[in-house]
Each structure stands twice: as structure tokens, then as C-alpha cells.
1. Somewhere in region 418-433, is a residue charged (D, E, K, R) and not in a strand (DSSP E or B)?
2. Could you please find all residues in region 300-329 being within 16 Å of the ligand (Cβ to nearest atom) and either more than 23 Å from the chain's Cα centre (by Cα) or on the phi > 0 side of the Ramachandran plot (or both)?
3. Find the residue count for region 117-132, including only residues that are within 11 Å of the ligand (Cβ to nearest atom) and touching a strand residue (DSSP E or B) at 6+ places or on another chain (Cβ under 9 Å).
4. Filter region 147-173 down to residues that are more than 7 Å from the ligand (Cβ to nearest atom), assigned to a strand (DSSP E or B) and under 10 Å from ALA123 (Cα atoms), then give me how many there are.
5. I need every pair where a residue in region 158-174 that is within 17 Å of LEU38 (Cα to Cα) has its Cβ under 6 Å from the Cβ of a residue that is more than 7 Å from the ligand (Cβ to nearest atom) and modelled with pLDDT under 95, sequence separation at least 6 or different chains.
6. Which ones in region 85-108 are hydroxyl-bearing (Ser, Thr, Tyr) and surrounded by fewer than 24 Cβ atoms within 10 Å (Cβ to Cβ)?
7. Conditions first: (1) within 19 Å of GLU121 (Cα to Cα); (2) touching a Phe, Trp or Tyr at 6+ places or on another chain (Cβ under 9 Å). ILE275 passes all but one, so which condition is the exception?
8. Quick test of your reading of the structure: ASP270 fulfils all but one of (1) away from the ligand (no atom under 16 Å from the Cβ); (2) crowded, with 18+ Cβ neighbours inside 10 Å; (3) at pLDDT 95 or above. Name the failing condition by number.
Amino acid sequence: MELENHSISTLHNLLIKKEIKSSEIVESVFEHISDSSLNCYITLFEDSARKKAKELDKKGDYPEPLTGIPIAIKDNICMKGEPTTCGSKILEDFIPPYNATVIEKLEKQGAIFIGKTNMDEFAMGSSTENSYFGPTLNPIDNDYVPGGSSGGSAAAVANKEVICALGSDTGGSIRQPASFCGIFGLKPTYGRVSRYGLVAFASSLDQIGPLAKNTQDIAILLSAIAGRDVKDSTSRDKEVPSFLHNLNSNIKGIKIGIPKEYFTEGLSDDVRVSIENAINIFKDLGAKTEQISLAHTEYAIATYYLIATAEASSNLARYDGVKYGYRRQKTENRKQKLKEMYEQTRKEGFGDEIKRRIMLGTFGLQTGYYDEYYLKAREVRDIIKSDFDDAFERVNIILTPTYPIPAFKLGEKIDDPLEMYLSDIFTVSVNLAGLPAISVPISPALIHKCGTNELPIGVQLIGRAFCEQDILNCAYAYETSNT
Ligand code: GLN
């Protein structure tokens, strides 16, 4: 039996019926990993994963849906005693003395940690090419990127190198790689999942979320990691239901808004036609679609890149070689001044994209520019949010493409950061407004291809704050519609 092909719920059922053992799932996953050249992982936990699976199998008790199930963790989520590199040289040897809250929760469920996945340095990027540890490859076509910044997590799930994974999403980093790799990825509402132990990129936008092969698995993972946490004051005290048990594929009468600003130039024909095909499926399922307007969409990229870089420049100030991480050693025969140590550490420890963003963020926060850039961006953020509020007065769900193009080739955009930024247009507004959104792979039969490759395309479903169940239901209806 090829266990790595199965979903969490199928494996859970097989485990409780004693038809398989957790150790067998773990072995099949590690087999795939050793055959792979995609570079999905930065660190592997071969010994501890095998040991834990054996212990569980000995007990023979799998009480929770995730008990005995292999999971991969993006390498910006802290695990006690294990390296957490953030894809950066500056944290290459950093070993956190504590667990992120999501890790504690998964551990309580008995999930098995397989390894830490590759990512763009400090989660800045859309291709995983910004990793200090080299790029991850797209499992469908190795000449292409898997997306980013959670590219390692997405590629690992798609290539059966794990059953499910966690990523983080500041401006699309779960949804976009999910769409490039043909899997499901969900960014929860801001405040739904604790950020304690997630290395901060832009604290007002970051959320941890699941990547998996189907909607049911996403629902299981979301219930497992969500909830108020006293260690994160931005996490909210909202009831965490069993998203799995509440899944309902009847979406008759649901109103889906299609924002006209998302279907303009820059959207590739492949994506446009595929999305139109997917919209027709939602109509067949009984949903009502209507055109809506998110009028300030054109300002989303500028707003996001001002706010995200401003917050990043402040969050990344702690990496100065003093308390943890890489420190530039003093050169022989010469006293090194403290300031020189700071400068050289940051110069050698950070990659180009990080430096670019620190400079941009610092610039936007400077006296004299603060009002003009950072404060203005904060104001526009509120306007973008109120566009969504208005739209959600009329519709239950908003449907958009996840990304304007299918996966691009490795190296194709690395020298053009601005073009890469501009392509984040469909994902960043969701983070600015703090809303939940899921990327659902469009069925291969509905994908329009101008070229010859078989690259996946994702459709994004955005919901009202804390209404993850609505978007999960729509995703589930689409997924089970036999298209
Ligand atoms: N591509 C976006 C960026 O580079 C998103 C990153 C993210 O969500 N972590 O900022």
C-alpha cells in the first residue's frame, strides 16, 4: 500500500482499524525523501520520528486525527532543541530553547515531525530561490519554482515527502506555493492561530497555516492549531469548532463575489480561462455569482510592501551577532569595534533580498518620510479593509485567482524583484485586511494551457473574518464535484 498517497483521515482510519502502523507511514515518507532531489527540507528528524512512531505503535492507541501522522514544519517555526534557520545564514546555527505554540498543540495530538522545510530567507519571496540553502524545485516540472516562501512545505506535500505541512503566510506564502504545486493551502484569519514561536517577518500580517492534499486535511489541521494563546496577545478568543465535522458540500444559494479589478491586464490567459471554468463549476453547484468591486486593489502592492518592509526592518534589528545567530569573528591582529561587528555580521549574514527590504523599510520609517509613506500606507490599509467589509455585506465568499500566472522557471525572475512583488497582487490584500483565504487546485481537466506544460493553477476563496468554515465548505464542494 502506498501510504504516502493517502490523506490524514484515510490514514487515521487505517491506524485505528490496526490495518497499518504509524512506523510504516513514516518509512514510506522517508523513502520518498531519500529518492527526491527537490531540496524540500533543511533539517530531517529521522531518528526522533522513527522513535516516536514506534512508541505510538507499541501503545496501539491513535486517539486524535493527527496521532501518528507525519507532518513537516516550515523552518521559521521554532522547535525546541532543533535548528530553526529561517532559510538564512544568520540563523544557520540557531537552536531555539522553546516550542512554538502550534508545535506544542501538534505534539499533544501525537503528530510526527518529519523535518523543517526550505523557505525563502525570513519568508521574503515567492519562489524559494531566496533560501541560503539553495532553491526547492517544483515537483511537477523541476525546471520551475515551487512558489514561496513556503515552497519546501508545498513541494514536500505535493511530492509525497510528507502527509501534510505547516507554512506561514504574510502576503501569500502559503496560498501561492500551494497553487504552484497543485495542493490546498489556507491562510487563517489574523488572530486565529498563535504566532508565538513563529520568527517574525511582519507581525501585523503573519499567520501560520496548513498545506495539505485535500480540504478535509486542511480542516483537521486548522482545528488542531487554532485558538487563543496567552503568549500571543494578538490571538483571539474565538471558538474553535471541528472544521472537519462541520464540512458541508451543499453550497446552494451561497453568494460568491468576483472582483472586477482582479481580471485585468497582467492576468495570463491560462489563469483567466481556468478560473472562468472553475467559476462555472461553482455555478453548477448552485452558488450565485456576482461581479463586485474592490476599488483600491491597485494600491495593495505599494501598501503591503511599505508595511511589510517597515515591520521587517524593525523585527530584523535583533540579528546583530550579540544574543544569537551568526557573529562575524574579529579579524586577526586587530581590535574589532562593536559597530563594525554589527555591520559585518549583518552584511555577511543576510542575503540580498533581506538587505533590500531592511533598507526600504528603514527608509519608509525615517523622520520626514514616516507620514508620507508609512502612515499613508496604514491609512490605505484601512480603506482596503473597508472595501472588503462593503463587499461582504453583499456576498459570502470572494473568488479570485491565487496568482496571475502559473509557476515560472527557476532564475526567470530572480533579477527582477519588482516584477516578483507586483505578482503578489491577488494575495496581499487578504493579509492587509486580516481575512482567511484558501487556495484550491483547479482540476486538471479545467486547466487551460497555452503551452505544453502541465503546471497547476489555484483558485482563491476569501471569507469573512473567522468564517473559515465558509471557505472550507466551498473548497470541499468544488473538490468533491467530480470535475
Ligand atoms: N511574496 C510575498 C513577499 O515576498 C509574501 C511573503 C510571505 O507571505 N511570507 O513578501
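1. The first filter runs over region 418-433 and keeps only residues charged (D, E, K, R), leaving 419, 424.
With not in a strand (DSSP E or B) added as a condition, the list becomes 419, 424.
The answer is yes, given that some residue of region 418-433 is charged (D, E, K, R) and not in a strand (DSSP E or B).
2. None - no residue of region 300-329 is within 16 Å of the ligand (Cβ to nearest atom) and either more than 23 Å from the chain's Cα centre (by Cα) or on the phi > 0 side of the Ramachandran plot (or both), so the list stays empty.
3. Of the residues in region 117-132, the ones within 11 Å of the ligand (Cβ to nearest atom) are 119-128, 130.
When the remaining residues are screened for being touching a strand residue (DSSP E or B) at 6+ places or on another chain (Cβ under 9 Å), the result is 119, 123.
Looking only at that region, the number is 2.
4. Here is the first cut: in region 147-173, the ones more than 7 Å from the ligand (Cβ to nearest atom) are 147, 150-167.
Among the residues that remain, those that are also assigned to a strand (DSSP E or B) are: 164-167.
If we keep only those that are under 10 Å from ALA123 (Cα atoms) as well, we get 167.
Number satisfying all stated conditions: 1.
5. Final answer for the pair search is LYS160/GLU4.
6. Just the residues of region 85-108 that are hydroxyl-bearing (Ser, Thr, Tyr), to begin with: 85, 88, 98, 101.
TYR98, the sole residue that qualifies.
7. (1)
8. Just one mismatch for ASP270, condition (3).
The values are calculated or read from the model by the stated rules, or taken from the named source; none is laboratory data. These figures come from a predicted structure and were not determined experimentally. Because the Cβ atoms are built from the backbone with ideal geometry, glycine has one as well, and the counts that use them run over all protein chains shown.
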